[in-house]
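> Pasting a structure below so you can have a look.
The values are calculated or read from the model by the stated rules, or taken from the named source; none is laboratory data. In this text, all values refer to a predicted model and were calculated from it rather than measured experimentally. Backbone-built Cβ (ideal geometry, glycine too); neighbour counts: all protein chains shown. When the accessible area is computed, the model is the full protein with side chains, heavy atoms only, and any ligands, DNA or RNA have been set aside. Shrake-Rupley method; radii C 1.70, N 1.55, O 1.52, S 1.80 Å.
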Amino acid sequence: FRSTSHDSEDTKLRFVTCQSLWNQIKSETEQIQEDLNKQLLDNLVSFLSRSHSDFQEKTTKWTCRMKFREIPTAALVLGVNVTDHDLTFRGLSDVLQDSITPYVALLEAKDCPGIKNLMQKLMGQLMNCDIEVDSLEDEDCVQVSQNRIRCSMPSLVSWYENVTKKTDSETPSKKRNSSSRHWQSPPVVVIFKDMESFTTKVLQDFIVISSQHIHELPLVLIFGIATSPMIIHRLLPHSVSSLLCIELFQSLSCKEHLSTIVDKLLLTSQFPFKLGEKVLQVLINIFLYHDFSVQNFIKGFQLCIVEHFYSQPLSVLCCHLVDLKKRVYSLSHDQCENIRRLPSFRRYVEKQESGKQIALLTNDNFLKEETEKLLEDLHVYHENYVSVLRCLHVFTSSLPKYPLGKQIRELHCACLENQVWETEEYESSLQLARMLNKTDLVSMLQQCVEILMSSSGKEFDKTVEKLKEFLTQFQNLEAEASQERDVSVSSQKELQKKTDLYHLQKTLLELKESRRSKKLTKFEMLRFEVVDYIDTLVRKYLVPADTRTLHEIVYFNAATVLRGHLNAAPRTALHTALNNPHWYLKNQALKCDGGGISNKAPDICIVYKLHLECGRLINLVDWLEAFSTVVMAGEEPNADAASSDQVDDIIHARFIRAVSELELLGFIKPSKQKTDHVARLTWGGC
């Protein structure tokens, strides 16, 4: 964090605030992910429980399975967000090891190119797990080491039988402690984290070998699948897939996962820090168009927090209301000046009367009082904004074609970007809402009442009363609607009685004219009134955040900075590092003006800057002489010929190494035209 002698205390407070905020968000995120994965993990535990009970009780079902040599297998479809799979598998492994079995192995395709490597990895993980749980003695460790060397399924079966017998022969107290955590004769769970990446032969060999020992070893397989369950039948022939008793499990969609994260972290007054529209759009675009990774979205969110507290001196006021007053009144004069420089505050001052303007610009105490009120108003704005946004989402999410988006995050971005009621999508949403039937309207109003009643905002008492009044009016329309139906039926019967063609045509024309000039029914009028009332709430509470005074203190809007951090530009970074090493190393000796070359720079930097002055082909001899000239520029000439030759050899070796590094980075390549030349590969500025 940036700090000087004048604001070291302020910098320390910003750092502590940033750290505390991130710890709270991290804890909340972990809890959200645990809740989202709970159903999936519970289903997997139930599956393992059924498989285990069949083995332990030796039931008819397990006997049949042994006869057909079927291995209980869970096909776990996790989606294409591969970077999030590790977290799910770690959670699954922890749950299994805590309550079911200590024998869990996590296998990756990169570690298992052949069946021998797979068996080594599998047995190594299982036996290490046994050492950690049961604290085996030295002689057992030697035996475990020998078992790892054999690496065969019979040795694994023998090891499992020895371990389970040892558990059965323990003292009653130890047995009670172990059984409280794990099952008796616990299953051996093998998790293939990335099944699509495993070679067909490795999977086939392992499944065929395992099926021959399924009556001795309670083996359970879990396949981590990123694409589709059909990949099992594409990788495995029928003769092998028939050896698996497969049950399918589907994890939560990554888009639903992201929506939950946005809902719990951003659309809440629990955390004072907020993301601006462009920043949020950058993170969502990276999620949707790059990796679908929720973990990377959270890392980007963490980066926004760090960058905001690092670059915004007033972020010390981005805190909860409990600490706000103390921090506002401890502001220094320089910090008060920073507040006066904020664009939103300057707009606010311009709207005040002249006397208040002078006080805000000259009196620090008066400024602090006004700052406290404005930040409290901003907090109230957030509470009201979230409640009304949820009410609007209740309406828009049930409309056909979703003009404002199906997810609440899409609606949130639209409201942050500009005045949402001025957009075409909002107008079309209102038109569709004016065509909703009574059942849908009543259901939406009831949801809105629940949302506003659960809100901490104090301004919604009258709003709740108004919505309840609408609900009462809809209920009163029931009887009137039935009477209108009776009247319409009687008029149709009278029309049927008119057999004369002239009178029949006259009556039909009168009905047509009456329909043209027909007034709205009471239901239609009430429906229009409800939609118009929701529209007034939107216009009052869903004002864009950048129109609020002091929004810069709690909102991070530097989308360009964030994009520069997240969207890597390796060539630009390489050029900067090689052309100006002072930028990264912060060494004043490397700083040179006017495009000169310092002899203190790393060899590769000198070679790189010299190669920029050359054409398509570079003569290595000339390049070496130029390099030697730069390196020896600050040194005195040596009269001793022997030592001079030694220095030349060292410089020559340094040059060769630097050129090799430059070739490795892709800036040059050997030339076939001339053996003593190299070809330059990069052109243009970065």
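> If Ser228 satisfies every condition in (1) in a loop (DSSP other than H, G, I, E, B); (2) under 30 Å from Val163 (Cα atoms) but one, which is the exception?
Exception for Ser228: condition (2).
> Looking only at the stretch 566-581, how many residues end up being surrounded by 14 or more Cβ atoms within 10 Å (Cβ to Cβ) and closer than 12 Å to Val282 by Cα?
Matching residues across the stretch 566-581 total 1.
> Look through Val262, Val240 and report the one residue that is closer than 19 Å to Asp84 by Cβ, in contact (Cβ under 8 Å) with a residue 24 or more places away in the chain, out of contact with any strand residue (DSSP E or B) (no Cβ under 7 Å at 6 or more places or on another chain) and not hydroxyl-bearing (Ser, Thr, Tyr). Don't jump to the end; show me each part of the working.
Details: Val240 fails: closer than 19 Å to Asp84 by Cβ.
Matching residue, one of Val262, Val240: Val262.
> Restricting to the stretch 199-225, give me the number of residues that are touching an Asp or Glu at 6+ places or on another chain (Cβ under 8 Å) and part of a helix (DSSP H, G or I).
Residues in the stretch 199-225 being touching an Asp or Glu at 6+ places or on another chain (Cβ under 8 Å) and part of a helix (DSSP H, G or I): 1 in total.
> From the list Ile131, Ile191, which residue is at pLDDT 55 or above and at negative phi?
Ile191
> Also: Hey, can you tell me all the residues within the stretch 207-239 that are among the hydrophobic types (A, V, I, L, M, F, W, C), open to solvent by less than 50 Å² (accessible area, probe 1.4 Å) and within 35 Å of the chain's Cα centre (by Cα)?
Within the stretch 207-239, Leu219, Val220, Leu221, Ile222, Phe223, Ile225, Ala226, Ile231, Ile232, Leu235, Leu236 meet the criteria.
> Note down all Cβ pairs under 6 Å where the first residue falls in the stretch 524-541 and is closer than 19 Å to Val388 by Cα, the second is part of a helix (DSSP H, G or I) and among the β-branched types (Val, Ile, Thr), and they're at least six residues apart or on different chains.
From the stretch 524-541, the pairs are Leu537/Val388; Tyr541/Val388.
> Which residue is most open to solvent (accessible area, probe 1.4 Å), if the candidates are limited to the stretch 454-478 and must be in contact with a helix residue (DSSP H, G or I) (Cβ under 9 Å, 6 or more places away or on another chain) and among the hydroxyl-bearing types (Ser, Thr, Tyr)?
Ser454
> Right, next: Any idea which of (1) of a type in the set (A, V, I, L, M, F, W, C); (2) under 17 Å from Glu28 (Cα atoms); (3) part of a helix (DSSP H, G or I) is the one Phe271 doesn't satisfy?
(3)
> Would you call Gln281 in a helix (DSSP H, G or I), of a type outside the set (Lys, Arg) and closer than 30 Å to Ile231 by Cα?
no
> Let me ask you something else. Please find, among Ser643, Ser660, the residue that is at pLDDT 75 or above and not in a loop (DSSP other than H, G, I, E, B).
Ser660
> Can I ask one more? Quickly run through the stretch 529-585 and pick out the residues that are among the charged types (D, E, K, R) and more than 20 Å from Leu452 (Cα to Cα).
Across the stretch 529-585, the qualifying residues are Asp546, Arg548, Glu552, Arg563, Arg571.
> Which members of the stretch 533-548 meet the condition of being under 13 Å from Leu342 (Cα atoms) and either small (Gly, Ala, Ser) or assigned to a loop (DSSP other than H, G, I, E, B) (or both)?
If the condition is that a residue be under 13 Å from Leu342 (Cα atoms) and either small (Gly, Ala, Ser) or assigned to a loop (DSSP other than H, G, I, E, B) (or both), then Arg548 is the only one that fits.
> Considering only the stretch 354-364, I want to know if a residue exists there that is in contact (Cβ under 8 Å) with a residue 40 or more places away in the chain and open to solvent by less than 40 Å² (accessible area, probe 1.4 Å). So that I can check it myself, show each step before the final result.
Let us first name the residues in the stretch 354-364 that are in contact (Cβ under 8 Å) with a residue 40 or more places away in the chain, namely none.
No - not one qualifying residue is present in the stretch 354-364.
> Right, something else. Say whether the condition of being over 30 Å from Asp291 (Cβ atoms), at pLDDT 85 or above and touching a His at 6+ places or on another chain (Cβ under 8 Å) is met by at least one residue in the stretch 174-188.
Yes; the residues of the stretch 174-188 include at least one that is over 30 Å from Asp291 (Cβ atoms), at pLDDT 85 or above and touching a His at 6+ places or on another chain (Cβ under 8 Å).
> Now, a different point. Mind listing whichever residues of the stretch 549-565 are surrounded by fewer than 16 Cβ atoms within 10 Å (Cβ to Cβ) and either charged (D, E, K, R) or in a strand (DSSP E or B) (or both)?
Arg563, the sole residue that qualifies.
> Out of the helices (runs of 4 or more DSSP H) lying entirely within the stretch 1-111, which hold 1 or more residues that are surrounded by 14 or more Cβ atoms within 10 Å (Cβ to Cβ) and modelled with pLDDT under 85?
Of the helices (runs of 4 or more DSSP H) lying wholly inside the stretch 1-111, those with at least 1 residues that are surrounded by 14 or more Cβ atoms within 10 Å (Cβ to Cβ) and modelled with pLDDT under 85 span 8-57, 60-68.
> Also, quick follow-up: Being modelled with pLDDT under 90 and either more than 47 Å from the chain's Cα centre (by Cα) or not hydrophobic (A, V, I, L, M, F, W, C) (or both) is the filter here, so list the residues in the stretch 667-686 that pass it.
Listed by number, the residues that qualify are Ser671, Lys672, Gln673, Lys674, Thr675, Asp676, Thr682, Gly684, Gly685.
> Kindly indicate the residue of the stretch 399-412 that is hydrophobic (A, V, I, L, M, F, W, C) and open to solvent by 10 Å² or more (accessible area, probe 1.4 Å) and also modelled with the lowest pLDDT among those meeting that condition.
By that ranking, first place goes to Leu404.
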